[in-house]
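Notes follow the structure.
Nothing in this text is a laboratory measurement; each read-out follows from the coordinates by a stated rule. From a predicted model like this one, the values you see are computed outputs, not experimental measurements. Cβ sites come from the backbone with ideal geometry, for glycine too, and all protein chains shown count toward neighbours.
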Amino acid sequence: MSQSRAKQAWKILVILGISGTSIGLGALGFDFATIGQFAFISDNYEVSLLAILVGAGLLLVSLIGWAACLGRIGRTRIAFFTLTVPLGVILIGYALGGTNVHGPFYYFLLPMVPLILVGLVVAIMAASAQKA
């Protein structure tokens, strides 16, 4: 597979991972905001949790794969966003929901902690990369 096609494939997988994670987290947040008025979401938390886990797993693997195809600058950008976005989401979640572990923002920690670790891995990859 050529380098540009590999970049495109990893980029599409990153988008799919973000979508799966966002759909799962959005469903849990929507259920919390509507106080469980929609029985499908309340009765099927497993579907939302599965979407979060599969989306986060796909996102983590595809971010490292995409970063491996890029040079130092591309890896640095991925590392920057991979480190700052989760921290921003955690701070916003804390501001809105506090430390309520039974609220919807508790589930945001599920994908955020591994995402921060991947950000550190990609930052190390960027530091060891040749200039590009």
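What to note about this one:
- Cβ charges +1 (Lys, Arg) and -1 (Asp, Glu), total dipole of the chain, debye: 900 debye
- In the set (i) 16.1, 51; (ii) 16.5, 54; (iii) 14.8, 51, the label that goes with Rg and Dmax of the Cα atoms in Å computed for this structure is (ii).
- Note on LEU120 and SER4: their simple-model spin labels are 3.7 nm apart, each label 7 Å out from Cα toward Cβ.
- Rounded FRET efficiency, nearest 0.05, which uses the C-beta distance separating PHE81 from LEU109 and R0 of 25 Å: 0.85
- If the chain linking ALA95 and ILE64 were pulled fully straight, counting 0.36 nm for each residue of separation and taking away their Cα-Cα distance, it would gain 8.1 nm.
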